[in-house]
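The values are calculated or read from the model by the stated rules, or taken from the named source; none is laboratory data. No experiment lies behind these values; they were computed from the predicted model shown. Positions of Cβ are generated from backbone atoms using ideal geometry, with glycine treated the same way; all protein chains shown enter the neighbour counts. Calculation scope for accessible area: heavy atoms of the full protein, side chains included, ligands and nucleic acids excluded. Shrake-Rupley method; radii C 1.70, N 1.55, O 1.52, S 1.80 Å.
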Amino acid sequence: MDGISDTPLRVGLIGYGVAGSFFHAPLIAATEGLALDTVVTANPERQRQVASEHPGARTVADPGELLARADDLDLIVVASPNRTHVPLARRALEAGLPVVVDKPLAATAAEAEELDALADRHGLLLSVFQNRRWDNDFRTVRSLIGDGSLGRVLRFESRFERWRPHLKGGWRESGDPAELGGLLYDLGSHLVDQALTLFGPVVSVYAEADVRRPGAEADDDTFIALRHAGGVRSHLWMSATTAQLGPRFRVLGSDGGYVKYGLDPQEAALREGLRPGDGTPWGVEPRSLWGRLGEGESPLTGGGDPVPTLPGDYPAYYAAIVEALRTGGRPPVTAAEAAAALRVLEAAKSSATEGRTVTL
């Protein structure tokens, strides 16, 4: 990694499914100081897709081929299926390369802590792609809490709800525990991370996890209730079976509340082929989707005042990765933070299985 401060950092991306093609590759390509060097995918159609979308990048069929060229690379990004995250991250770290891993980092907090210790022994960066910290609505909630607009926060409600009554298939819906399928580890990884980022450690966890759709094997309708050490209660919903969607956020404080409907626009933009820096406003939503801040009357009947939503900023994650690699500073999301979230997810799984509240 000689010359790391003078030339673009060469990135090897493992996986070109949804995470790799829609999120990581476009964001890497759009980040000053990064160059997408190699993509690992054995799928011929995806190899052709890489050649079309990122003509400067090469493709290889196996992670071993990529890691055999460790001296030619500066960063590995793991965007392959969940079950492969730990072994691939371990191999990359042992090859002497910094690593970014898509969420969830691991199945358990213990595995995450082992990877963190391995990275520390080698003096290497290990970070987790928790991109939802840079959602437009979450950035707005964080700003309102920070400037005291809500007073003391009492209850935090966060929803990632969808209406997908029919199965799509694939490992994300598998009931095999090794696959880490289901919404608890998928959307729950985002929701728990956001709650911990805002309100800190959790002291108790209660959860309900159900399999609602015919033929489904993994949880598709899940709820988590958290009690934070500071007194805030977080209620988190994740569902593929919600016929009427609730607000994305409802945050209730001693001086007022904030309610926001709709999803951050960045994922939809990336799926449509739009890219940061292509000349169109990035992460911006229309006034009609702004949340409302106030007290008393429901926002749906005109209560509260509209609050401009801060722009979403997924590019900030990889910009911070570049900064951390060049300066040796702290990555934007640490493995220790991922381990804390996984501890909550493990407790939620136990709670849902055993029908009890779990104390941490």
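Remark: the chain carries a charge dipole of roughly 660 debye about the Cα centre, counting +1 on each Lys and Arg Cβ and -1 on each Asp and Glu Cβ. Our summary gives the chain a relative contact order of 19 percent, counting only alpha carbon pairs under 8 angstrom and 6 or more residues apart. Here the accessible area is traced with a 1.4 Å probe on the protein chains. For segment 158-243, carbon and sulfur cover 49 percent of it.
Just the Kirkwood number for segment 101-227, please: inverse of mean 1/r across all distinct Cα pairs, in Å, one decimal. One over the average 1/r among Cα pairs gives 16.7 Å for segment 101-227. Each residue of segment 9-129 gets 88 Å³ once the volume of the Cα convex hull is shared out per residue. Ordered by solvent-accessible area of protein heavy atoms (1.4 Å probe), largest first, the residues 139, 330, 356 come out as 330, 356, 139. Each other residue within a Cβ distance under 12 Å of residue 314 adds +1 if Lys or Arg and -1 if Asp or Glu, for a net charge of 0. Solvent-accessible surface of the chain, averaged per residue with a 1.4 angstrom probe and all protein chains in place: 43 square angstrom. Angle of helix 136-146 to the longest C-alpha principal axis of the chain, folded into 0 to 90 degrees and rounded to 10: 60°. Taking 68, 35, 92 in turn, the Gaussian network model of the chain (Cα-Cα springs below 10 Å) assigns the largest fluctuation to 68. For segment 101-150, a crude dipole built from +1 on the beta carbon of Lys and Arg and -1 on the beta carbon of Asp and Glu, taken about the Cα centre, is about 220 debye to the nearest 20.
Taking the DSSP bridge list for the chain and keeping only pairs wholly inside it, about 55 percent are antiparallel. Would you work out which of 153, 276, 84 lies farthest towards the positive end of the dipole of the chain? Charges go on Cβ: Lys and Arg +1, Asp and Glu -1. With unit charges placed on the Cβ atoms, the residue in question is 153. When we measure straight from the Cα of residue 168, which lysines land under 27 angstrom away, once same-chain ones fewer than 8 places off are left out? Those lysines meeting the cut-off are 103, 349. Pairing the Cα long axis of helix 85-94 with the longest principal axis of the chain, what angle in degrees results, from 0 to 90 and rounded to the nearest 10? Computed tilt is about 40 degrees.
Each semi-axis of the equivalent ellipsoid for segment 187-258 is √(5λ) with λ an eigenvalue of the Cα gyration tensor; in descending order they amount to 25, 15, 9 Å.
Summing Lys, Arg as +1 and Asp, Glu as -1, what charge do residues with Cβ under 12 Å from the Cβ of residue 294 carry, residue 294 excluded? Charge balance near residue 294 sits at -3.
The apolar share of the surface of segment 9-129, taken as the fraction of accessible area on carbon and sulfur atoms (1.4 Å probe, ligands and nucleic acids excluded), comes to 45 percent.
Using only the C-alpha atoms, the convex hull of segment 226-360 corresponds to 195 Å³ per residue. Taking the 0 to 90 degree range and rounding to the nearest ten, how far is the long axis of helix 335-354 tilted relative to the main principal axis of the chain, both from C-alpha atoms? Approximately 50 degrees, to the nearest 10.
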